[in-house]
Amino acid sequence: MAKQEDKFKKVISHAKEYGFVFQSSEIYDGLSAVYDYAQNGVELKKNIREYWWKAMVQMNENIVGLDAAIFMHPKTWKASGHVDAFNDPLIDNKDSKKRYRADVLIEDYVAKYDTKIEKEVKKAAKRFGDSFDKEQFLATNPRVLQYKEKGNAILQRMGQSLEKEDLEDVKALIEELEIGCPLSGSKNWTEVKQFNLMFGTKLGASADTAMDLYLRPETAQGIFVNFLNVQKTGRMKIPFGIAQTGKAFRNEIVARQFIFRMREFEQMEMQFFVKPGTQKEWYEAWKVNRLKWHMSLGMGADNYRFHDHEKMAHYADAASDIEFKFPFGFKELEGIHSRTDFDLKAHESASGKKLQYFDHEENKNYVPYVVETSIGLDRMFLAVFSNSLQEEELENGTTRTVLKLPSVLAPYKAAIFPLVKKDGLPEVARKIMEELKWDFNVMYDEKDAVGRRYRRQDALGTPFCITVDHDTLKDDCVTIRHRDTMEQQRVKITELAAIIKEEVDARNWLQKM
Ligand code: GAP
């Protein structure tokens, strides 16, 4: 546990020290659970967004994009159910005066069984060596099965109680499991209460005419209310999807864990409109597709798992999370939801406008069903960043900190150095930069010894360093150093663009899907 916390602290401090993420309004002591992306963070975030957009919109003929406004008519949120049902169950500890999400306290308790299972796996792997079959062990070991059963039973009971709004039973469960306040250990709890997560604001200048608005808590509703506009103007045929990325806002009560749970964050969502009755197939297909997208980044199959929901959001008939192994354990990274026709029907009846599709093959109108994929961009940033940050022991006994980002996502693709700041080397280095910058985000650096410049780029995750030396003036060749292997090659200046492209081109990464 201490090791995990240590790693997480390193992630947060590296993000700050190397210009990726800053606390918002830091000079005023910060604003809790709100963060700013700095000069390198904004590039990484943009690259993740583009990698998603390429895979979801540009590579799929039947998915188009949208950029709906953050402000929406307040009736939207009544119809969507968010005014009445977008709540978190909260509980206060009477001694420490700290407030928690009751479901998170229970989920954290259950996560301890996962840790125990991991320990059993490690022990068995050691005992059986090469002949160890992890899948079989997980499916048959009595102790593992017992842990799984206990965890599932707790989650099932919690899910059912939340579904029925039986908050007394949620409190009873916390007491039965003897869950203490994570800060003080006290088990002196208040009742569990529901708390709405939407931020309110006002539209208009004068108090009597101003209209109460909400900041959107998900981007999805902008897609639903535009469903027919896009379908008609784009002549879209079912099944088809509408995707968008953008800010969402939630008044999260338990806002900790850095950019994992923020009050202002960005989502990348896609609503896929399908014929009623086919939603189950599409739900399964999108689960597979989204996992493949994650896998294409090569961050390790063992770091992902599905978690099928017991407790569904108010709009869903099936839901699953893709969980990622963050430094603080497996947590939700992306949700795949079968949203039925809940949203479109709700907007039809609240607006009085038909939101139906005419199916020429079936020769009839219907309200389509929807399968949604929804991923938090900031959470994806944290997954990529924390998984990439590594400390390596080198052969000469020193260590290096290296951010082994998937190079398609790296903020800078190459850094160009003159070996020394004289003899015409800076001019040649700048000329190379001027040429490469048309195709790649590249950086020029002439400060400090080359070894230190390499370390700086390792810490930023730059896949290539290119050094111009005195021989370059004679042979038009440079030294290119690879971040992960630290291998150096002598290559022609004219070959640089092709070498970089081969490594960072989204095509080569997405083709792994
Ligand atoms: N439209 C469906 C929806 O919003 P959700 O499971 O509430 O579903 C989807 O959110 C994704 O948005 C999550 O899987 C997570 O990655 C991200 N997310 C949700 N709340 C967040 C928060 N407070 N901070 C950062 N990311 C968040």
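Which one is farthest from the ligand (Cβ to nearest atom) among residues in the stretch 255-288 that are in a helix (DSSP H, G or I) and farther than 27 Å from ARG216 by Cα? Steps first, answer last, please.
If we filter the stretch 255-288 for residues that are in a helix (DSSP H, G or I), which is where we start, we get 258-260, 279-288.
Adding the requirement that they be farther than 27 Å from ARG216 by Cα leaves 280-281, 284-285, 288.
Working: LYS280: 19, GLU281: 20, GLU284: 18, ALA285: 18, VAL288: 17 Å.
Among residues in the stretch 255-288 that are in a helix (DSSP H, G or I) and farther than 27 Å from ARG216 by Cα, the one farthest from the ligand (Cβ to nearest atom) is GLU281.
Considering the stretch 71-91 alone, what residues qualify as being touching a Phe, Trp or Tyr at 6+ places or on another chain (Cβ under 7 Å), farther than 26 Å from GLY204 by Cα and not polar (S, T, N, Q)?
ASP88, LEU90, ILE91
Taking the criterion of being modelled with pLDDT under 95, surrounded by fewer than 18 Cβ atoms within 10 Å (Cβ to Cβ) and among the charged types (D, E, K, R), would at least one residue in the stretch 195-202 satisfy it?
Yes, the stretch 195-202 has at least one match.
Which ranges mark the strands (runs of 3 or more DSSP E) fully within the stretch 379-497 that have 2 or more residues being within 29 Å of LYS9 (Cβ to Cβ) and not small (Gly, Ala, Ser)?
Working: elements: 389-393, 399-403, 414-418, 442-444, 464-468, 477-482, 488-492.
Where strands (runs of 3 or more DSSP E) fall fully within the stretch 379-497 and carry at least 2 residues being within 29 Å of LYS9 (Cβ to Cβ) and not small (Gly, Ala, Ser), they are 389-393, 399-403.
Out of LYS7, LYS45, I need the residue that is of a type in the set (Lys, Arg), in contact with a helix residue (DSSP H, G or I) (Cβ under 9 Å, 6 or more places away or on another chain), surrounded by fewer than 18 Cβ atoms within 10 Å (Cβ to Cβ) and in the same structural domain as ALA383 (by TED's automatic domain parsing). Which one? Explain how you work it out, then say what you get.
Working: LYS45 fails: surrounded by fewer than 18 Cβ atoms within 10 Å (Cβ to Cβ).
Selected residue: LYS7, the only one of LYS7, LYS45 that is of a type in the set (Lys, Arg), in contact with a helix residue (DSSP H, G or I) (Cβ under 9 Å, 6 or more places away or on another chain), surrounded by fewer than 18 Cβ atoms within 10 Å (Cβ to Cβ) and in the same structural domain as ALA383 (by TED's automatic domain parsing).
Could you please let me know if SER161 is modelled with pLDDT of 95 or more, surrounded by 13 or more Cβ atoms within 10 Å (Cβ to Cβ) and among the small types (Gly, Ala, Ser)? Give the derivation first.
On the way: modelled with pLDDT of 95 or more: no; surrounded by 13 or more Cβ atoms within 10 Å (Cβ to Cβ): yes; among the small types (Gly, Ala, Ser): yes.
In short, no.
I'd like to check something: does the stretch 286-301 contain any residue that is among the aliphatic types (A, V, I, L, M), without any contact (Cβ under 8 Å) to a residue 24 or more places away in the chain, in contact with a helix residue (DSSP H, G or I) (Cβ under 9 Å, 6 or more places away or on another chain) and not assigned by TED's automatic domain parsing to the domain that holds LYS404? Outline the logic, then answer.
In the first step, residues of the stretch 286-301 are kept if they are among the aliphatic types (A, V, I, L, M); the result is 288, 291, 295, 297, 299, 301.
Still in the running and without any contact (Cβ under 8 Å) to a residue 24 or more places away in the chain: 288, 301.
Those left that are additionally in contact with a helix residue (DSSP H, G or I) (Cβ under 9 Å, 6 or more places away or on another chain): 301.
Add one more test, that the residue is not assigned by TED's automatic domain parsing to the domain that holds LYS404, and what stays is 301.
Taking every residue of the stretch 286-301 in turn, at least one turns out to be among the aliphatic types (A, V, I, L, M), without any contact (Cβ under 8 Å) to a residue 24 or more places away in the chain, in contact with a helix residue (DSSP H, G or I) (Cβ under 9 Å, 6 or more places away or on another chain) and not assigned by TED's automatic domain parsing to the domain that holds LYS404.
Do we find that GLU252 is in a strand (DSSP E or B) and either out of contact with any helix residue (DSSP H, G or I) (no Cβ under 6 Å at 6 or more places or on another chain) or more than 23 Å from LYS45 (Cα to Cα) (or both) in this structure? Explain how you work it out, then say what you get.
Numbers: in a strand (DSSP E or B): no; either out of contact with any helix residue (DSSP H, G or I) (no Cβ under 6 Å at 6 or more places or on another chain) or more than 23 Å from LYS45 (Cα to Cα) (or both): yes.
No, not satisfied.
Condition (residue is crowded, with 20+ Cβ neighbours inside 10 Å and touching a residue at least 60 places away in the same chain (Cβ under 8 Å)) applied to the stretch 418-425: is it met by at least one residue?
No, the stretch 418-425 contains no residue that is crowded, with 20+ Cβ neighbours inside 10 Å and touching a residue at least 60 places away in the same chain (Cβ under 8 Å).
When only residues in the stretch 324-350 that are assigned to a helix (DSSP H, G or I), touching a residue at least 40 places away in the same chain (Cβ under 8 Å) and not acidic (Asp, Glu) count, which is surrounded by the most Cβ atoms within 10 Å (Cβ to Cβ)?
Taking the stretch 324-350 first, the residues assigned to a helix (DSSP H, G or I) are 342-350.
From the residues that got through so far, the ones that are touching a residue at least 40 places away in the same chain (Cβ under 8 Å) too are 342-344, 346-347, 349-350.
Narrowing further to those that are not acidic (Asp, Glu): 342, 344, 346-347, 349-350.
Details: PHE342: 21, LEU344: 25, ALA346: 19, HIS347: 22, SER349: 11, ALA350: 14.
Out of the qualifying residues, it is LEU344.
Being closer than 26 Å to MET268 by Cβ and out of contact with any Ser or Thr (no Cβ under 6 Å at 6 or more places or on another chain) narrows it down to one of ILE117, ILE27, ILE106, ILE48, so name that one.
On the way: ILE117 fails: closer than 26 Å to MET268 by Cβ; ILE27 fails: closer than 26 Å to MET268 by Cβ; ILE106 fails: closer than 26 Å to MET268 by Cβ.
Just one listed residue meets the conditions, ILE48.
Would you confirm whether or not the stretch 399-416 contains a residue that is within 16 Å of the ligand (Cβ to nearest atom), small (Gly, Ala, Ser) and within 30 Å of ARG290 (Cα to Cα)? Full working, then the answer.
As a first pass, look at the stretch 399-416 and keep what is within 16 Å of the ligand (Cβ to nearest atom): none.
No, there is no match, as no residue in the stretch 399-416 is within 16 Å of the ligand (Cβ to nearest atom), small (Gly, Ala, Ser) and within 30 Å of ARG290 (Cα to Cα).
Quick check on this structure: which one of TYR100, TYR51, TYR113 is touching a residue at least 24 places away in the same chain (Cβ under 8 Å), under 22 Å from TYR304 (Cα atoms) and in the same structural domain as GLY180 (by TED's automatic domain parsing)?
Numbers: TYR100 fails: under 22 Å from TYR304 (Cα atoms); TYR51 fails: in the same structural domain as GLY180 (by TED's automatic domain parsing).
Result: TYR113 is the single residue among TYR100, TYR51, TYR113 that is touching a residue at least 24 places away in the same chain (Cβ under 8 Å), under 22 Å from TYR304 (Cα atoms) and in the same structural domain as GLY180 (by TED's automatic domain parsing).
Of all residues in the stretch 329-382, how many are of a type in the set (Phe, Trp, Tyr), within 16 Å of the ligand (Cβ to nearest atom) and more than 17 Å from ALA313 (Cβ to Cβ)? First the steps, then the outcome.
Of the residues in the stretch 329-382, the ones of a type in the set (Phe, Trp, Tyr) are 330, 342, 357-358, 366, 369, 381.
Now narrow it down to the ones that are within 16 Å of the ligand (Cβ to nearest atom): 330, 342, 369, 381.
Those still in the list that are more than 17 Å from ALA313 (Cβ to Cβ) too: 330, 381.
Going through the stretch 329-382 one residue at a time, the tally reaches 2.
Pull out all pairs, ordered by first then second residue, where Cβ-Cβ is under 8 Å, the residues are six or more apart or on different chains, the first lies in the stretch 133-155 and is under 10 Å from TYR113 (Cβ atoms) and free of Cβ contacts under 8 Å to residues at least 40 places away in the same chain, and the second is assigned to a helix (DSSP H, G or I) and among the hydrophobic types (A, V, I, L, M, F, W, C).
Pairs found: VAL144/ILE117; VAL144/VAL121; VAL144/PHE137; VAL144/LEU138; TYR147/ILE117; LYS148/ILE117.
Restricting to the stretch 9-43, name every residue that is of a type outside the set (Ser, Thr, Tyr), under 23 Å from PHE330 (Cβ atoms) and within 16 Å of the ligand (Cβ to nearest atom). Don't jump to the end; show me each part of the working.
First, the residues of the stretch 9-43 that are of a type outside the set (Ser, Thr, Tyr): 9-12, 14-17, 19-23, 26-27, 29-31, 33-34, 36, 38-43.
From what's left, under 23 Å from PHE330 (Cβ atoms): 9-12, 14-15, 21, 33.
Hits for the stretch 9-43 are VAL11, ILE12, ALA15, VAL21, ALA33.
Of the numbered conditions (1) in contact with an Asp or Glu (Cβ under 6 Å, 6 or more places away or on another chain); (2) closer than 27 Å to ARG49 by Cβ, LEU355 fails exactly one; give the number of that condition.
Unmet for LEU355, out of (1) in contact with an Asp or Glu (Cβ under 6 Å, 6 or more places away or on another chain); (2) closer than 27 Å to ARG49 by Cβ: (2).
Look at LEU145 and say whether it is surrounded by 12 or more Cβ atoms within 10 Å (Cβ to Cβ) and modelled with pLDDT under 90.
Working: surrounded by 12 or more Cβ atoms within 10 Å (Cβ to Cβ): yes; modelled with pLDDT under 90: no.
No: the conditions fail for LEU145.
Conditions: (1) within 16 Å of the ligand (Cβ to nearest atom); (2) among the polar types (S, T, N, Q); (3) over 30 Å from PHE20 (Cβ atoms). THR245 meets all but one. Number of the miss?
Unmet condition: (3).
Is it the case that ASP317 is of a type outside the set (Val, Ile, Thr), away from the ligand (no atom under 12 Å from the Cβ) and out of contact with any strand residue (DSSP E or B) (no Cβ under 7 Å at 6 or more places or on another chain)?
Working: of a type outside the set (Val, Ile, Thr): yes; away from the ligand (no atom under 12 Å from the Cβ): yes; out of contact with any strand residue (DSSP E or B) (no Cβ under 7 Å at 6 or more places or on another chain): no.
No, not satisfied.
On the basis of being more than 29 Å from the chain's Cα centre (by Cα) and in contact (Cβ under 8 Å) with a residue 12 or more places away in the chain, does VAL384 make the cut?
Values: more than 29 Å from the chain's Cα centre (by Cα): no; in contact (Cβ under 8 Å) with a residue 12 or more places away in the chain: yes.
For VAL384, the condition - more than 29 Å from the chain's Cα centre (by Cα) and in contact (Cβ under 8 Å) with a residue 12 or more places away in the chain - is not met.
Among the residues of the stretch 321-338, is any at pLDDT 95 or above, in contact with a Phe, Trp or Tyr (Cβ under 7 Å, 6 or more places away or on another chain) and more than 26 Å from ASP108 (Cβ to Cβ)?
yes
Kindly state which strands (runs of 3 or more DSSP E) lie completely within the stretch 163-238 and contain at least 1 residues that are away from the ligand (no atom under 16 Å from the Cβ) and of a type in the set (Gly, Ala, Ser). Explain how you work it out, then say what you get.
Numbers: elements: 193-196, 200-203, 211-214.
Once the strands (runs of 3 or more DSSP E) in the stretch 163-238 are filtered for at least 1 residues that are away from the ligand (no atom under 16 Å from the Cβ) and of a type in the set (Gly, Ala, Ser), what remains is 200-203.
The values are calculated or read from the model by the stated rules, or taken from the named source; none is laboratory data. Predicted model, so just to flag it, every value in this text is computed and none were measured. Glycine gets a Cβ as well: all are built from the backbone with ideal geometry, and neighbour counts include every protein chain shown.
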